[in-house]
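Visitor: Below is a structure I'd like to ask you about.
The values are calculated or read from the model by the stated rules, or taken from the named source; none is laboratory data. This one's a predicted model, so the numbers in the text were calculated from it and none came from an experiment. Cβ: placed from backbone, ideal geometry, glycine included. Neighbour counts: every protein chain shown. We work out accessible area using only protein heavy atoms, side chains counted, and drop any ligands, DNA or RNA first. Shrake-Rupley method; radii C 1.70, N 1.55, O 1.52, S 1.80 Å.
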Amino acid sequence: MVQPVLSPLVERPAHVPEALVYDLDYYADPGVLQDAHGRALQVAKEAPGVFWTPRQGGHWVLRSHNAVFEASRDTERFSNAPISFEQLQAIIESLPEGAPKPLIPAPITFDPPHHAVYRNPLQKAFSPKAMNVLKDNIRALAVELIEKVKPQGGCAFVKDISEPMPVTIFLQMFGLPVDRQREYRDLVEEHFAQTDKDPQLIQARLRKVADVMRDAILERKDNPQNDLISLLWDSEFNGQKATLHDIENYAVMLFTAGLDTVVNGMALGAVHLAKNPQLQAEMRAHPEKTSDLTEEMLRRYTFTLPPRFVAEDCEFQGVQMKKGEMALLFLPGADLDAAEYPNPEVFDANREGKPHIAFGAGPHRCLGSHLARIELNILYEEMMARLPEFRLDPDKPLTYHGGHVWGPNEVYLKWDV
Ligand code: HEM
C-alpha cells in the first residue's frame with residue numbers, strides 16, 4: 001500500500017479567524033495513520049466545534065455533535081452536490097449524441113427535492129423487513145469464513161473475513177458475479193485512495209467502476225432477476241423509465257458505500273475485541289447483549305467523514321462561511337463529543353442516552369444501516385461463539401488509512417489451537 005503524503009499547508013483566507021484554525025489532514029495526518037480513533041479523540045478534545053484546517057487545499061471541519069447534526073439537516077446551506085442540478089442537466093444536454101454522461105453517485109449527490117426521487121426506489125429494498133430475509137444467508141457466510149480460519153490459530157481479518165463477508169452479500173443483492181469480487185474491491189480501494197479533486201480524474205475513476213458492471217446491468221434489462229439491478233430497471237424517475245445512465249449512477253454509489261463501509265466497521269470492532277479479552281468473555285456469556293455491543297462499537301469507532309459544500313455565503317454557529325467551500329462532517333468527532341457522551345473515550349455497551357450519529361442524520365441518513373447492523377451483529381455473535389479468546393498479533397502492528405472512510409489497513413489476529 002502506498003503511504004499517503006501529508007498535503008501542503010495553504011494560507012488562511014481573510015474571513016477565517018485565527019482561533020478557528022486547527023491542523024488536520026483527513027487523508028494523511030500522521031496521527032490518523034498511526035491510530036485513527038486516538039487522533040479522533042484528540043481532535044474531539046482540542047479542536048473548536050467548527051474549525052478550518054489548512055490541509056487538503058483548506059476547508060471547514062464540523063466537529064461537535066451539535067454542528068454535525070445541524071448541518072446534516074440543513075440542505076439549504078450545506079449541499080451534497082458539487083454543482084447544482086440545473087447546471088448538471090445543462091452539461092448533460094450539451095453533450096454530443098452518444099458521448100458518455102458524467103456519473104453522479106445517486107442518491108447521495110442530489111439535494112432535496114431531487115434527492116427523494118432517487119432515494120425512494122431503494123427505500124423498500126433496504127427496509128428492515130427486506131433485510132431480515134437475508135439473515136440466514138449472512139449467518140451461513142459468517143460461519144463459513146470463521147470456520148475456515150479457525151484451525152489456523154490466526155488470520156488476516158480484513159482479507160479473510162471483513163472484506164469477503166459484506167462484499168459477497170452486497171454483490172449477491174445487487175446481482176453481480178461474486179467470483180469477480182477481488183477485481184471490484186481493488187477498484188473501490190483505488191477510488192478511495194485518491195485525494196485529487198480534479199473532476200475529470202474523479203469521472204475517469206467512477207467510469208472504471210461503472211464499466212466493470214456494465215455487462216451485468218445490460219443483461220438484467222432483458223432478463224430480470226430478484227436483485228437490485230432488476231428493481232432499478234423497473235423504476236421511474238420524474239415520470240421517465242430508468243435509463244442505463246440512471247442505473248450506473250446508483251451502481252457507483254452503492255458499490256462504494258456497500259463495499260467499503262462495513263469492511264472497515266468490522267475491522268475496527270475486531271481490533272477493540274482483540275484488545276479487550278474481558279469484553280470477549282462478557283459477550284460469550286451474554287450473546288443477547290450483542291446489539292448493544294454493535295451500537296457502542298459504531299459510536300466509539302465512528303468512521304465515515306461525508307463532505308458538504310457551502311451553498312451560499314452564510315453564518316453557521318457564529319462562523320462566516322463562503323459559497324463553494326468544503327465542510328467535512330467529522331462524524332468520528334461528533335460521536336466522541338463529551339458534551340453529548342460523558343467520558344466519550346470509555347467503551348460502555350450499557351451506555352444510555354443519545355443515540356450515535358455513525359449513520360449520519362437528515363435526508364441522507366444511511367440507507368444501508370439495517371443491512372450493516374445485521375451483518376455486524378451476526379459477525380460478532382459468530383466470532384464469540386466459534387473462536388477462542390483472540391488477540392492482536394504483536395509482530396504485526398496496526399496501521400490505518402484516512403480519507404472519507406477511516407479504518408485499519410489489516411488486522412492480524414491470533415488465538416490458541
Ligand atoms: C457500518 C456501515 C455503514 C456506515 C457507518 C455508513 C454510513 C453512512 C453515512 C454516514 C451516510 C450519510 C452520508 C452523508 O450524509 O452524506 C450514509 C449514506 C448512505 N449509505 Fe451507508 N453506511 C454503512 C453501510 C452501508 C451499506 C451496507 C450500504 C448499502 C449497501 C449503504 C448505503 C448508503 C447509501 C445509499 C447512502 C446515501 C443515502 C442518501 O443519500 O440518501 N451504507 N452511510
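Visitor: Consider residue 88 against the criteria (1) part of a loop (DSSP other than H, G, I, E, B); (2) open to solvent by less than 30 Å² (accessible area, probe 1.4 Å); (3) modelled with pLDDT under 95: it satisfies all of them except one. Which criterion is unmet?
Guide: Failed condition: (1).
Visitor: Looking at 167, 158, 178, which is the one that is among the aliphatic types (A, V, I, L, M), surrounded by 13 or more Cβ atoms within 10 Å (Cβ to Cβ) and in contact with an Asp or Glu (Cβ under 8 Å, 6 or more places away or on another chain)?
Guide: 158
Visitor: Here's a follow-up. For residue 120, state whether it is within 11 Å of the ligand (Cβ to nearest atom) and exposed (fewer than 15 other Cβ atoms within 10 Å of the Cβ).
Guide: It is true that residue 120 is within 11 Å of the ligand (Cβ to nearest atom) and exposed (fewer than 15 other Cβ atoms within 10 Å of the Cβ).
Visitor: To continue, here is another question. Going by the conditions given, is residue 145 more than 11 Å from the ligand (Cβ to nearest atom) and either in a loop (DSSP other than H, G, I, E, B) or hydroxyl-bearing (Ser, Thr, Tyr) (or both)? Spell out the reasoning first.
Guide: Values: more than 11 Å from the ligand (Cβ to nearest atom): yes; either in a loop (DSSP other than H, G, I, E, B) or hydroxyl-bearing (Ser, Thr, Tyr) (or both): no.
For residue 145, the condition - more than 11 Å from the ligand (Cβ to nearest atom) and either in a loop (DSSP other than H, G, I, E, B) or hydroxyl-bearing (Ser, Thr, Tyr) (or both) - is not met.
Visitor: In addition: Filter the range 318-347 down to the residues that are in a loop (DSSP other than H, G, I, E, B) and within 13 Å of the ligand (Cβ to nearest atom), then identify the one that is nearest to the chain's Cα centre (by Cα).
Guide: Applying the filter and picking the extreme gives 330.
Visitor: So which of 348, 393, 335 is in contact with a Pro (Cβ under 8 Å, 6 or more places away or on another chain), acidic (Asp, Glu) and touching a residue at least 40 places away in the same chain (Cβ under 8 Å)? Give the steps one after another, and end with the answer.
Guide: On the way: 348 fails: in contact with a Pro (Cβ under 8 Å, 6 or more places away or on another chain); 393 fails: in contact with a Pro (Cβ under 8 Å, 6 or more places away or on another chain).
Just one listed residue meets the conditions, 335.
Visitor: Next question, about the same structure. How many of the residues in the range 197-216 are of a type outside the set (A, V, I, L, M) and free of Cβ contacts under 8 Å to residues at least 60 places away in the same chain?
Guide: The number of residues fulfilling the criteria is 7.
Visitor: Which of the residues belonging to the range 233-290 are among the acidic types (Asp, Glu) and under 16 Å from residue 301 (Cβ atoms)?
Guide: Of everything in the range 233-290, just one residue is among the acidic types (Asp, Glu) and under 16 Å from residue 301 (Cβ atoms), namely 260.
Visitor: Just a yes or no: is a residue in the range 300-310 buried (at least 21 other Cβ atoms within 10 Å of the Cβ), closer than 23 Å to residue 42 by Cα, away from the ligand (no atom under 11 Å from the Cβ) and among the basic types (Lys, Arg)?
Guide: yes
Visitor: For the range 253-270, indicate whether the set of residues that are more than 14 Å from the ligand (Cβ to nearest atom) and assigned to a helix (DSSP H, G or I) is non-empty.
Guide: No; the residues of the range 253-270 include none that is more than 14 Å from the ligand (Cβ to nearest atom) and assigned to a helix (DSSP H, G or I).
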